[in-house]
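Peer 1: Questions regarding the structure given below will be posed in turn.
The values are calculated or read from the model by the stated rules, or taken from the named source; none is laboratory data. Note that the coordinates shown come from a computational prediction; the quantities given were computed from them, not determined experimentally. So basically every Cβ, Gly included, is an ideal-geometry build from the backbone, and we count neighbours across all protein chains shown.
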Amino acid sequence: MSQLDLFARAKPARASSDLPDPADVRREMLDVLAQLEAAETMPFPQKTLAMWKTIWPQMSRWLPDERDELIRRFDAQVTRLQAS
Amino acid sequence: MRVHFDATRIEPVSYRPLDRRFTYNVREYIDFPKPDLQAAWAHLNVALIAKNDGTGLGPGAWAHSMVPDQHSFRGSTGGWVFPLWNHAGEGAGHFLADGVLSGLARAYGQAVSAEQTFDAILALLSATSYTNRFGRDLENDFPHVPFPSELAVFQRAAAIGSRLRALQGLALPGDAFRTARLEGEGGGRTLAVPTPRNAWVQTDDGAGTVRLTSDQALRLTGVSARAWTFSVSGYPVLYKWLKARDGEPIDRTQQRDLLDTVGRIEEIVSLCDSADAVLAEALAGTLGRDRFGLPARRAPAAALEDGDEPA
């Protein structure tokens, strides 16, 4: 992304949290899982899938109690769809 | 008009890459005092300087830890200054746009600091091949930052950027990079550097010698070709550093500063190579703009395949 996009311009960055909301993380991960579970063929382009494979175990650290289950479900769906 | 002299207003500034000067920061003595920049800078800051067009070979950005001249990126045609720290009480403490740190933290599964992010940006834009690889995009846009999807790659970039930031802020170079030596006699002489073409002569050891006086009584040896030719968008850092001091006495302070400067350049060149390996890893898997809540780019980067870069 452009250097210009990464810094606040006219006004200083407002005092918002620099941490993600775990509820938002959960919503996004469950949405991705739902797309995978509903699909008969891989719904993501290769690069998007590669990104998810990398960040899925990282992101799931925000949800420590659900982490193992999220990783297991994601791996299972990717294995299923890549075999189809 | 009489203006009272105030010695406390003599302040160090980042005039050019690795070239610290002093300014008398009193309105009556400065043509373009850049009050917005000075206000944002406050008492302590660090900034990236980048250009929105015409970025040339060398690092795509430079970090200044003293108030920079707006032309400090390369010596002319200005640049954009991106301070990191926001000292305004109501601010977030930094000038990074909303969504950047939380977007990275979300993808990496752990908190990411503003300083780490600044350093990672600096490293990725300083990678040796960056300005070659994206030369076409840089003709009319700011450098784009390919944030890696893998936390470990981001951390490697941040570590390299941290050292780059230190060196560009005039930290002393590591001993391994102090390969340059002064040979000959400089006492009583003044610096007289020839034209760039004639100033550096390659020697048998693969490095080179820089003539510092018109009679060649004093020479700088052990200067690698890459350090000598190291440039920031067409600004040859070492040659310009020397040329700016042409005619000055070569005293002990000058000699020490010169050796420190060469060492810094040697280490920066090495770090840019290390950053290049990290850039290649980053480009193998990047985070898209949507992960930071940013809208899609207006036009795809011509030098990239779709998806190779964070859009």
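Peer 1: Please state which one of B:Pro59, B:Pro83 is at pLDDT 85 or above, within 28 Å of B:Ile268 (Cβ to Cβ) and surrounded by fewer than 24 Cβ atoms within 10 Å (Cβ to Cβ).
Peer 2: After ruling out the rest, the residue left standing is B:Pro83.
Peer 1: Right, something else. Search the range B:177-226 for residues being out of contact with any strand residue (DSSP E or B) (no Cβ under 8 Å at 6 or more places or on another chain) and among the charged types (D, E, K, R), and hand back the single one that is farthest from B:Asp251 (Cα to Cα).
Peer 2: B:Asp204
Peer 1: For the subset of the range A:12-26 comprising residues that are at pLDDT 60 or above and among the hydrophobic types (A, V, I, L, M, F, W, C), which member is farthest from the chain's Cα centre (by Cα)?
Peer 2: A:Leu19
Peer 1: Output the residues belonging to the range B:5-36 that are at pLDDT below 85 and part of a loop (DSSP other than H, G, I, E, B).
Peer 2: B:Asn25, B:Val26, B:Ile30, B:Asp31, B:Phe32, B:Pro33, B:Lys34
Peer 1: Are any residues in the range B:235-268 in contact with a Leu (Cβ under 8 Å, 6 or more places away or on another chain), in a helix (DSSP H, G or I) and acidic (Asp, Glu), and if so, which ones?
Peer 2: Residues satisfying the conditions are B:Asp260, B:Glu267.
Peer 1: Here's something else I'd like to know. Report, by residue number, each residue of the range A:33-67 that is out of contact with any Gly (no Cβ under 7 Å at 6 or more places or on another chain) and in contact (Cβ under 8 Å) with a residue 40 or more places away in the chain.
Peer 2: Passing the criteria: A:Leu33, A:Leu36, A:Glu37, A:Ala39, A:Glu40, A:Thr41, A:Met42, A:Leu63, A:Glu66.
Peer 1: Now, a different point. Give the number of residues within the range B:88-115 that are in a loop (DSSP other than H, G, I, E, B) and either at the interface with another protein chain (Cβ under 7 Å from one of its Cβ atoms) or buried (at least 16 other Cβ atoms within 10 Å of the Cβ) (or both).
Peer 2: Looking only at that region, the number is 12.
Peer 1: Do we find that B:Asp119 is under 30 Å from A:Asp24 (Cα atoms), in the same structural domain as B:Leu84 (by TED's automatic domain parsing) and of a type in the set (Asp, Glu) in this structure?
Peer 2: Answer is yes for this residue.
Peer 1: Something else about it: Looking at (1) buried (at least 19 other Cβ atoms within 10 Å of the Cβ); (2) away from every other protein chain (no Cβ under 11 Å), can you tell me which one B:His144 breaks?
Peer 2: In the conditions (1) buried (at least 19 other Cβ atoms within 10 Å of the Cβ); (2) away from every other protein chain (no Cβ under 11 Å), B:His144 misses (2) alone.
Peer 1: Quick check on B:Ala166: is it more than 14 Å from chain A (Cβ to nearest Cβ), surrounded by 17 or more Cβ atoms within 10 Å (Cβ to Cβ), of a type in the set (Gly, Ala, Ser) and within 19 Å of B:Gly58 (Cα to Cα)?
Peer 2: So B:Ala166 passes the test.
Peer 1: Can you pull out the residues in the range A:34-56 that are crowded, with 16+ Cβ neighbours inside 10 Å, outside any loop (DSSP other than H, G, I, E, B) and at pLDDT 95 or above?
Peer 2: Passing the criteria: A:Leu36, A:Leu49, A:Ala50, A:Met51, A:Trp52, A:Thr54, A:Ile55, A:Trp56.
Peer 1: Here's another thing I want to ask about it. Just one of the numbered conditions (1) at the interface with another protein chain (Cβ under 9 Å from one of its Cβ atoms); (2) of a type in the set (A, V, I, L, M); (3) over 23 Å from B:Val232 (Cα atoms); (4) surrounded by 19 or more Cβ atoms within 10 Å (Cβ to Cβ) is not true of B:Leu125; which one?
Peer 2: Going through (1) at the interface with another protein chain (Cβ under 9 Å from one of its Cβ atoms); (2) of a type in the set (A, V, I, L, M); (3) over 23 Å from B:Val232 (Cα atoms); (4) surrounded by 19 or more Cβ atoms within 10 Å (Cβ to Cβ) one by one, B:Leu125 breaks only (3).
Peer 1: Here are B:Ala244, B:Ala199, B:Ala176: which of them is closer than 30 Å to B:Leu138 by Cα and more than 14 Å from every other protein chain (Cβ to nearest Cβ)?
Peer 2: So the residue among B:Ala244, B:Ala199, B:Ala176 that is closer than 30 Å to B:Leu138 by Cα and more than 14 Å from every other protein chain (Cβ to nearest Cβ) is B:Ala244.
Peer 1: Could you run through the range B:187-234 and say how many residues are in a strand (DSSP E or B), closer than 20 Å to B:Thr128 by Cβ, out of contact with any Phe, Trp or Tyr (no Cβ under 7 Å at 6 or more places or on another chain) and hydrophobic (A, V, I, L, M, F, W, C)?
Peer 2: 0
Results for (1) under 22 Å from B:Ser270 (Cβ atoms); (2) crowded, with 17+ Cβ neighbours inside 10 Å; (3) more than 24 Å from the chain's Cα centre (by Cα); (4) not assigned by TED's automatic domain parsing to the domain that holds B:Ile160, shown as yes or no for each residue.
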{"position": "B:Thr179", "(1), (2), (3), (4)": "yes, yes, no, yes"}
{"position": "B:Leu182", "(1), (2), (3), (4)": "yes, yes, yes, yes"}
{"position": "B:Glu185", "(1), (2), (3), (4)": "no, no, yes, yes"}
{"position": "B:Ala199", "(1), (2), (3), (4)": "no, yes, no, yes"}
{"position": "B:Val210", "(1), (2), (3), (4)": "yes, yes, no, yes"}
{"position": "B:Thr213", "(1), (2), (3), (4)": "no, yes, yes, yes"}
{"position": "B:Leu218", "(1), (2), (3), (4)": "no, yes, yes, yes"}
{"position": "B:Gly222", "(1), (2), (3), (4)": "yes, yes, no, yes"}
